[in-house]
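I have placed the structure first, in the form of structure tokens, so that the comments after it can refer back to it.
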Amino acid sequence: MKKLKGIPAAPGAVLGKAFLYAENEVPELAKYTVAPKARNAERKRLAAAIDAASAELRSLKARSEAGAGAGAGYSAILGAQLLMLDDPEFQAAVLTRFEETGFNMEWVVYDTVRGIMSRMAASTLPAFRERAADIHDVARRIIRALLGQKPCSLEGLDEDVIVVARDILPSELFSMQRSRVKAIVTEQGGATSHAAIIAKAFGIPAVLGAQGAASAIAAGDPLAVDADAGTVLVRPSAKALAAFREVLREAKRRAAGGSKALRKLPAETKDGMTVTLEANIGVPSDAARALDAGAEGIGLYRSEFLFIRPGAVPSEDEQTAAYRAVLEAMQGRPVTIRTLDAGGDKVLPEFENDADEKNPLLGWRAIRFSLARPAIFKTQLRALLRASVAGNLRILFPLVSGIEELEQALALLDEARAECRAKRQRVSGSIDIGVMIEVPSAALAADVLAGRADFFSIGTNDLVQYTLAVDRGNSRVGALAQPCHPGILRLLKMTVDAAHAKGIRAAMCGELAGDPAYTGLLLGLGIDSFSMDAQAIPRVKAMVRSLRAEDCRALAACALAGRGWQENAALLRAWARKHERPAAARGRRPGKGSAPAPRA
Ligand code: PEP
Ligand code: MG
């Protein structure tokens with residue numbers, strides 16, 4: 001038995017079987033000379049591998065056309081890959097390289113494709129550059145077949161698995177067969193990485209940043225994943241398994257508990273201060289889960305998840321339908337839809353090759369991408385405006401760093417509104433416009449931004465990342481991402497004060513909003529509205545109801561004057577001990593929690 005430790009990223013506990021996922025990696029290749037008398041057999045090996053890869057692509061395409069996996073747009077890509085695979089010129093190029101070098105076929109395929117890819121990448125034609133990823137995918141399938149390895153895909157799983165990977169992309173999580181994935185274990189990623197956020201939204205337990213997982217775990221290994229504690233037992237002993245059964249029971253109890261009794265009660269402190277609790281969602285169907293948990297609205301709909309899929313950018317009509325679906329499901333409650341936050345780790349397949357950046361998190365992301373691609377942005381804005389008549393819409397702009405970006409976005413929104421009117425499309429007259437505060441410059445200039453916005457929504461995942469210079473997806477520096485750092489608290493305070501001075505709301509939609517260990521501090525700082533994954537709502541509500549606003553303000557004043565995050569973490573722990581917290585609000589087993597801080 002081996003025990004791995006990682007970051008508890010999405011709650012739950014599961015027993016299951018490991019599925020090693022390495023979709024984007026080309027297997028390690030040996031390079032050797034094939035004896036002349038074995039060359040004919042080597043050519044036959046290539047033909048058989050091409051047949052196997054072709055069968056694999058055909059079956060994925062058929063599944064996709066039947067509506068499974070990533071959806072219809074994906075089948076066009078698979079069709080293009082099939083054409084490449086069957087292209088006689090491609091096959092001739094591989095065979096020519098084989099005659100020239102005499103090396104083994106895996107190496108020859110890899111070498112040929114590398115040459116083709118570099119010519120494609122250098123092309124001035126964007127369509128040609130975009131095909132480079134497809135040819136890489138085709139090569140990977142042929143090489144796997146040559147090595148006798150099974151195809152590695154999360155789309156066509158035929159049994160329940162625990163996915164183990166070095167890293168996993170948001171797009172891969174969206175295309176996986178969700179019902180079969182019981183847990184996720186990765187070596188990379190942090191508590192606020194997008195993989196963690198999506199796993200949480202899907203209700204799939206996840207332990208991220210578990211160093212050495214991909215090498216310590218073999219395919220089919222039994223695993224016991226405790227995603228509340230962030231541990232993974234590999235090939236657990238009989239004794240460990242017996243103890244783990246209790247962990248499973250407790251996780252089940254916690255998942256079921258609390259929400260029903262609390263649903264109808266307000267999120268009100270003992271001394272009568274009320275805050276709003278809303279839900280973060282990634283797909284329209286999550287709205288039902290939000291309502292079930294007692295959400296008073298949607299505080300963040302990450303619209304980019306509609307775009308991160310193989311195939312073309314969604315059309316205006318398709319987007320209108322998705323936004324309408326959420327507005328209708330929420331029956332008049334406020335719905336905050338954030339415009340496209342593409343880039344960083346959420347690169348749109350269409351723009352994958354354009355976005356070849358050294359520092360993607362500091363690059364072409366979110367509002368910057370939208371302002372640079374006004375056609376895509378205005379299509380989204382028109383879809384939002386058209387959907388607005390179906391409910392109570394708020395539009396939120398991501399990663400705004402200053403007034404110029406906000407004003408450009410507002411100007412494009414005006415243009416989109418005029419375009420809708422010209423087509424006689426109905427648009428609501430009362431749409432609140434919000435700004436995400438997630439770049440330090442936006443917090444520092446919040447007084448200016450507050451003059452042009454109806455509300456702020458603080459994105460602590462990015463605000464912590466950019467203020468403390470800690471990549472939110474890098475497990476090596478994850479322990480430095482401490483939201484109780486006085487630098488962060490001061491930015492939060494500045495933002496809230498600037499909002500209140502101009503009479504607008506200060507909401508928070510970063511992961512911190514759903515952490516009950518921080519609820520008192522955030523209340524004390526003056527946050528008006530908290531938006532979080534639906535399953536966190538009951539615990540945060542229970543916490544709000546156990547506190548006094550007056551005590552929270554005293555705590556915030558103390559923390560703001562703190563010297564460093566360690567001192568503040570100790571302050572928060574002592575405060576939590578002093579203020580009795582309801583069991584439902586703890587959310588972690590006694591003695592195991594990192595609550596309230598420091599964060600793992
Ligand atoms: C944030 O940065 O806190 C946020 C809510 O946005 P995202 O996690 O999607 O980057
Ligand atoms: Mg963000």
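The values are calculated or read from the model by the stated rules, or taken from the named source; none is laboratory data. The shown structure was predicted, so the numbers you read here are calculated from the model rather than taken from an experiment. In this analysis, Cβ positions are derived from the backbone assuming ideal geometry, glycine residues included, and neighbour counts consider all displayed protein chains. For accessibility, only protein heavy atoms count, side chains too; no ligands or nucleic acids. Shrake-Rupley method; radii C 1.70, N 1.55, O 1.52, S 1.80 Å.
Computed quantities for the displayed model
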quantity	calculated
Reachable lysines, given that their alpha-carbon falls under 28 Å from the alpha-carbon of Lys31 and they are not under 8 places away in the same chain	Lys44, Lys150
Relative contact order %, the chain, counting alpha carbon pairs below 8 Å whose residues are six or more apart	14 percent
Sites Leu29 and Asp86 - FRET efficiency at Förster radius 22 Å, r taken between beta-carbons, to 0.05	0.40
Accessible-area order (highest first, 1.4 angstrom probe) of the listed residues Tyr21, Tyr32	Tyr32, Tyr21
For Asp317, solvent-accessible area (1.4 Å; no DNA, RNA or ligand), Å²	100 Å²
Solvent-accessible area per residue, Å², over the chain with all protein chains present [probe radius 1.4 Å]	41 Å²
Using alpha-carbon coordinates, inclination of helix 374-387 to the longest axis of the chain, degrees	50 degrees
Residue-wise HN-Hα coupling along the stretch 191-208, computed from phi with Karplus coefficients 6.51, -1.76, 1.60 (Hz; x: Gly, Pro)	4, 10, 5, 5, 4, 5, 5, 6, 4, 4, 4, 7, x, 9, x, 9, 10, 10
0 to 90° range, to nearest 10: angle between helix 537-546 axis and the chain longest Cα axis	20 degrees
Relative contact order (percent, whole number), the stretch 138-262, Cα cutoff 8 Å, 6+ residue spacing	17 percent
Percentage relative contact order, the stretch 218-275, counting C-alpha pairs under 8 Å, at least six apart	19 percent
Theoretical gain in end-to-end length, Ala243 to Lys578 [0.36 nm per residue, Cα-Cα removed]	117.4 nm
Carbon and sulfur %, accessible surface of the chain computed with the full protein complex present, 1.4 Å	53 percent
Estimated FRET transfer efficiency (Arg119, Glu404; beta-carbon r; R0 60 Å; 0.05)	0.90
Euclidean distance between Cα centres, the stretch 507-552 to the stretch 230-309, Å	14 Å
Largest to smallest accessible area among Ser428, Ser529 [probe 1.4 Å]	Ser428, Ser529
Distance violations [Cα-Cα > 28 Å] among Lys358/Lys493; Lys252/Lys346; Lys346/Lys378; Lys61/Lys423; Lys346/Lys493	Lys358/Lys493; Lys252/Lys346; Lys61/Lys423; Lys346/Lys493
Crossing angle, helix 39-65 versus the chain [Cα axis fit, 0-90 degrees, rounded to tens]	40 degrees
Hz values of 3J(HN,Hα) by residue in the stretch 513-520 - Karplus curve (6.51, -1.76, 1.60), Gly and Pro given as x	4, x, 9, x, 5, 9, 4, x
Reduced Cα scattering model of the stretch 365-504, Debye log10 I(q)/I(0), q = 0.10, 0.11 Å⁻¹	-0.38, -0.46
With DNA, RNA and ligands ignored, accessible area of His194 (1.4 Å probe; Å², nearest 10)	10 Å²
Lysines with Cα under 21 Å of Lys5, excluding same-chain neighbours fewer than 8 positions away	Lys17, Lys182, Lys200, Lys239, Lys592
Reach of Lys541 by Cα under 18 Å, taken over aspartates and glutamates that are not fewer than 8 positions away in the same chain	Glu268, Asp271, Glu278, Asp292, Glu296, Glu511, Asp515, Asp528, Asp533, Glu550, Asp551, Glu580
Estimated Rh, the stretch 215-258: Kirkwood, alpha-carbon pairs, angstrom	11.5 Å
Rounded to the nearest 10 Å², the accessible area of Trp575 at probe 1.4 Å	40 Å²
√(5λ) per eigenvalue of the Cα gyration tensor, the chain, largest first, Å	44, 30, 21
Expected 222 nm ellipticity per residue - DSSP helices of 4 or more, -39500 (n - 2.57), all of the chain, to 500	-14500 deg cm²/dmol
Calculated FRET value between Gln149 and Asp497, using beta carbons and R₀ = 45 Å, to 0.05	0.20
